[in-house]
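Asker: Mind having a look at this structure? Questions to follow.
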Amino acid sequence: MNVLLLANELRYTCGVTNHILHLSRGLTETDNVSLWIICGGGNGINRFSDIDVNIISDERFLHINRSFSGFISAIDFLTRFIRKNEVEILHSHYHYGAAIARRASQLTRKPTIQTNHGILHDEGKLKHFNAGKYIAINEHIKKYLLENKITNEENITFIRCGIPVDLAIVPKTLNRKLKIVAASRFVYDKGLDIFIEAVNKLPDTILDKADFYIAGEGELEDELIELNRSLGNKINFAGKIVDIYAFLNSAHVLVYPSRSLNEGFPAIITEAGATNTLVISSDFVGAEDVLVNGVNGLIYEDNDPDKLCILLNEVISDYTKYAPLSQSFYEFTKREFSIPVMIEKHLSLYTKCLM
């Protein structure tokens, strides 16, 4: 079958890109799918160089560049592209692309699927949900689709974003110091300022037992570096990480301090699960569907650096007490975020769309 994925950008520091990377590799390795990706650009296109996928970068598909004339031009381009390449399924991974695909589908009579990687609450001129079928990656997204009467349950397929997981758990090496990390895009919703404030509140006796790192890139980089400097400079900035698994394998704790109201489910958390890394997370919307406080991770109240500081203090003081939580989350991740299961469910949905 001929499948086209639409993405806003393909980037290095991006959970959606990570998902499309794993999805693309899995689909093409089945030898049942010829795959194209149309995206608006991004610095991570070369991450797909070893996958048998045709990537077209076109700024008309970039959400930030949206305009009425650009929207019409993108529809025209996509319609011609579908016909020329005999594309059978249009699968969008962002709402602007879904809107373009839906209109092109009306001209080509091809089925549309939209994977929802989050919930945007501020409506613009285009609907945020714009497809014949939907993939919900976490329970709270499916619940949102149903409660807001966006579609019927028969049009929703629940598929978690699969990630690579070692068949056997890799134990953490306990050196002189723990390594505690955060990794995300440098934007307000990710809450990295909360992590910076919490770490810089820790007493010296605790700081001596751990090293702290922030990995990633984004628009707030200068502000975050300055905030860290002004509070005591207790965190190291690791820059853009090409191999996030190697980064997490060397870490003991991942802190995810999100204040977002529209997360899907962050890839970095499941990547921490895959690498047996203890997760400390805020109680962002959707976290409760995967993380259970005291069972497979630790949860604190969002936007509260003092409570995060208390948790960090406890974990650093007695890491071995909390290590079993990461082992529990590893088992959960291996079972629930399986790439083969993800691919099988996508192929099943694609087949149903073509019947």
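The values are calculated or read from the model by the stated rules, or taken from the named source; none is laboratory data. Since we're looking at a predicted model, the values are computed, not measured. So basically every Cβ, Gly included, is an ideal-geometry build from the backbone, and we count neighbours across all protein chains shown.
Asker: So residue 228 fits all but one of (1) in a loop (DSSP other than H, G, I, E, B); (2) in contact with a Phe, Trp or Tyr (Cβ under 9 Å, 6 or more places away or on another chain); (3) not basic (Lys, Arg); what number is the exception?
Answerer: With respect to (1) in a loop (DSSP other than H, G, I, E, B); (2) in contact with a Phe, Trp or Tyr (Cβ under 9 Å, 6 or more places away or on another chain); (3) not basic (Lys, Arg), residue 228 is out only on (1).
Asker: Return yes or no: is residue 255 touching a Lys or Arg at 6+ places or on another chain (Cβ under 9 Å) and either closer than 19 Å to residue 13 by Cβ or polar (S, T, N, Q) (or both)?
Answerer: It is false that residue 255 is touching a Lys or Arg at 6+ places or on another chain (Cβ under 9 Å) and either closer than 19 Å to residue 13 by Cβ or polar (S, T, N, Q) (or both).
Asker: Then there's this: Of all residues being out of contact with any strand residue (DSSP E or B) (no Cβ under 7 Å at 6 or more places or on another chain) and either among the basic types (Lys, Arg) or surrounded by 14 or more Cβ atoms within 10 Å (Cβ to Cβ) (or both) in region 48-62, which is nearest to residue 3 (Cα to Cα)? Just the residue, please.
Answerer: Here the residue is 52.
Asker: Which residue out of 302, 306 is of a type in the set (D, E, K, R), on the phi < 0 side of the Ramachandran plot, over 18 Å from the mean Cα position of the chain (by Cα) and at pLDDT below 95?
Answerer: Going through 302, 306 in turn, just one is of a type in the set (D, E, K, R), on the phi < 0 side of the Ramachandran plot, over 18 Å from the mean Cα position of the chain (by Cα) and at pLDDT below 95: 302.
Asker: Among the residues of region 329-352, is there at least one that is surrounded by fewer than 16 Cβ atoms within 10 Å (Cβ to Cβ), farther than 30 Å from residue 2 by Cα, in contact with a Phe, Trp or Tyr (Cβ under 9 Å, 6 or more places away or on another chain) and outside the structural domain of residue 87 (by TED's automatic domain parsing)?
Answerer: no
Asker: Take the residues of region 139-191 that are in a helix (DSSP H, G or I) and among the acidic types (Asp, Glu): which is farthest from residue 341 (Cα to Cα)?
Answerer: Looking at residues that are in a helix (DSSP H, G or I) and among the acidic types (Asp, Glu), I get 189.
Asker: Quick test for you: out of 180, 135, pick the one residue that is modelled with pLDDT of 95 or more and either of a type in the set (Phe, Trp, Tyr) or over 19 Å from residue 99 (Cβ atoms) (or both).
Answerer: Answer to the selection: 180.
Asker: Can you find a residue that is touching a Gly at 6+ places or on another chain (Cβ under 7 Å) and crowded, with 17+ Cβ neighbours inside 10 Å anywhere in region 239-249?
Answerer: Checking region 239-249: not a single residue is touching a Gly at 6+ places or on another chain (Cβ under 7 Å) and crowded, with 17+ Cβ neighbours inside 10 Å.
Asker: Okay, moving on. Checking residue 261 against (1) surrounded by fewer than 20 Cβ atoms within 10 Å (Cβ to Cβ); (2) farther than 23 Å from residue 160 by Cβ: exactly one of these is not met. Which one?
Answerer: If we test residue 261 against (1) surrounded by fewer than 20 Cβ atoms within 10 Å (Cβ to Cβ); (2) farther than 23 Å from residue 160 by Cβ, just (2) comes out false.
Asker: Among the residues in region 202-219, are any at pLDDT below 95, among the charged types (D, E, K, R), within 20 Å of the chain's Cα centre (by Cα) and surrounded by 14 or more Cβ atoms within 10 Å (Cβ to Cβ)?
Answerer: Yes.
Asker: Out of all the residues in region 284-308, which are assigned to a helix (DSSP H, G or I), touching a helix residue (DSSP H, G or I) at 6+ places or on another chain (Cβ under 6 Å) and crowded, with 21+ Cβ neighbours inside 10 Å?
Answerer: Passing the criteria: only 308.
Asker: While we're looking at this one, here's another question. Exactly one condition in (1) buried (at least 20 other Cβ atoms within 10 Å of the Cβ); (2) in contact (Cβ under 8 Å) with a residue 60 or more places away in the chain is not met by residue 313; state its number.
Answerer: (1)
Asker: Could I ask something else about it? Can you tell me which condition residue 220 does not meet? The list is (1) closer than 20 Å to residue 284 by Cα; (2) of a type outside the set (Asp, Glu); (3) not assigned by TED's automatic domain parsing to the domain that holds residue 75, and all the others hold.
Answerer: The failed condition is (1).
Asker: From the list 26, 41, 70, pick out the single residue that is in a loop (DSSP other than H, G, I, E, B), out of contact with any Gly (no Cβ under 6 Å at 6 or more places or on another chain) and either surrounded by fewer than 18 Cβ atoms within 10 Å (Cβ to Cβ) or not charged (D, E, K, R) (or both).
Answerer: 41
Asker: Taking region 260-282 on its own, how many of its residues are at pLDDT below 95, in a loop (DSSP other than H, G, I, E, B) and not hydroxyl-bearing (Ser, Thr, Tyr)?
Answerer: Residues that pass the stated criteria total 5.
Asker: State whether the residues of region 28-36 include one that is within 22 Å of the chain's Cα centre (by Cα), under 20 Å from residue 104 (Cα atoms) and not assigned by TED's automatic domain parsing to the domain that holds residue 268.
Answerer: Yes, some residue in region 28-36 is within 22 Å of the chain's Cα centre (by Cα), under 20 Å from residue 104 (Cα atoms) and not assigned by TED's automatic domain parsing to the domain that holds residue 268.
Asker: Let me confirm something: among 109, 66, 102, which residue is farther than 24 Å from residue 156 by Cβ and of a type in the set (Lys, Arg)?
Answerer: On inspection, the qualifying residue turns out to be 66.
Asker: Within region 96-104, can one find any residue that is at pLDDT 95 or above, farther than 30 Å from residue 261 by Cα and either of a type in the set (Lys, Arg) or assigned to a helix (DSSP H, G or I) (or both)?
Answerer: Yes, region 96-104 has at least one match.
Asker: A further question on this structure: Consider residue 109 against the criteria (1) touching an Asp or Glu at 6+ places or on another chain (Cβ under 9 Å); (2) at positive phi: it satisfies all of them except one. Which criterion is unmet?
Answerer: Among (1) touching an Asp or Glu at 6+ places or on another chain (Cβ under 9 Å); (2) at positive phi, the lone unmet condition for residue 109 is (1).
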